[in-house]
C-alpha cells in the first residue's frame, strides 16, 4: 500500500492510497467513497482486489478523513466540488499513470452520484454501484422517511448553521461534514429532483455515460429502496446499462450488510459478487 497526496486544480491536497498487485492484470479499480466514510473502511476490500490482480485506489474527498483541514468551520467544500474537482483529480492521475489499463469505478452511495459531475467518467469500462439511489424522501420507507424529515429538515440545518459544519458523528452518520456538503446532502433528501438538482448547478455529464453498471442493493439497507435505485438509473443515468443484484442478509456470515458493512472484512465472501462481474 502506497500513500499518495494529489493536488486538485484549486490547490487542495487529497490523500489517496494505491494498492498494487503482485501479479498485475493491468486492471484498475477506483473506489469513490460514501458520504462521511473514511477510505480506511475500504482497505480490506482494496487488498482483496489487489490479491486478484487489480490495482486499486482509495481516497478521501476534501473535508473527510486524511483530506480534512485543521478547521472545518468555513472550509469550502460541497458534494459538487467532490465530483468536479476531487474525483476529477483522481481520474486525471489514472489517465496519466495507467493509460492502457482497463478501468473500473466503484461508487458507494454518493460516490456513484458524483460520476455525472466529471467528464472523465467516460474512461471507465464499467461501473459498480453499491448502496446508492436518488435519496428523495418520497422514495424511502415510512420510518426512514420520518427520520429523514426530522433529521435533514430540522436537526441538520440547525446544527450546521450554529457550528459552521455538520457534526454527523453525533448522529451516527459518519465523519463530520463541511457546511455545503451537508446542505447538498439535504438537497438529495428533501428536493424531489434529488441528484439531478445537484447536477443542475454544475456541468452535467450524466446523460453521456453509456457503460454497463452492476448495481448492488443490500436487503437490510434501511436507507435504500428499489424505487430510489431505479429512479437513479432511469432519471439520472438513463443511458447506463444496468444489471441489478439484491444481496440477501442470509448471504452474510454475520447476517449484517446495511449501508456500509458490505465492505467490512467479515463480509469478504460477498466480494465475489463484484469480482465475478469484472474479473
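Structure notes:
- Overall form of segment 75-160 per C-alpha gyration tensor (a/c, 1.5; a/b vs b/c): oblate
- For segment 30-78, the relative contact order works out to 36 percent when only alpha carbon pairs closer than 8 Å and six or more residues apart are counted.
- Tensor-based shape of segment 129-279 (alpha-carbon gyration tensor, a/c under 1.5 rounded, otherwise prolate or oblate): oblate
- Cβ-based exposure ranking for 271, 82, in which fewest neighbours within 10 Å come first: 271, 82
- Rounded if a/c under 1.5, otherwise prolate or oblate - the chain, Cα gyration tensor axes: rounded
- Additional length obtainable on full extension of the chain from residue 142 to residue 3, 0.36 nm per residue less Cα span: 45.8 nm
- In this simple spin-label model, placing a label point 7 Å from the Cα along the Cα-to-Cβ direction at both residue 11 and residue 149 gives a separation of 4.7 nm.
- Likely footprinting exposure, 147, 253, 219, fewest C-beta neighbours within 10 Å first: 253, 219, 147
- The modelled label-to-label distance for the pair residue 97/residue 76, using points 7 Å beyond Cα in the direction of Cβ, is 2.7 nm.
- For 146, 128, order by how many other beta-carbon atoms lie within 10 Å, fewest first: 146, 128
- With contributions of -39500 (n - 2.57) from each DSSP H run of at least four residues, the per-residue ellipticity at 222 nm computed over the chain stands at -7000 deg cm²/dmol.
Any read-out appearing in this document is the output of simple, stated calculations on the displayed coordinates, not a laboratory observation. What you see is a predicted model; the values in this text were computed from it and never measured. Neighbour counts run over all protein chains shown; Cβ positions are idealised from the backbone, glycine included.
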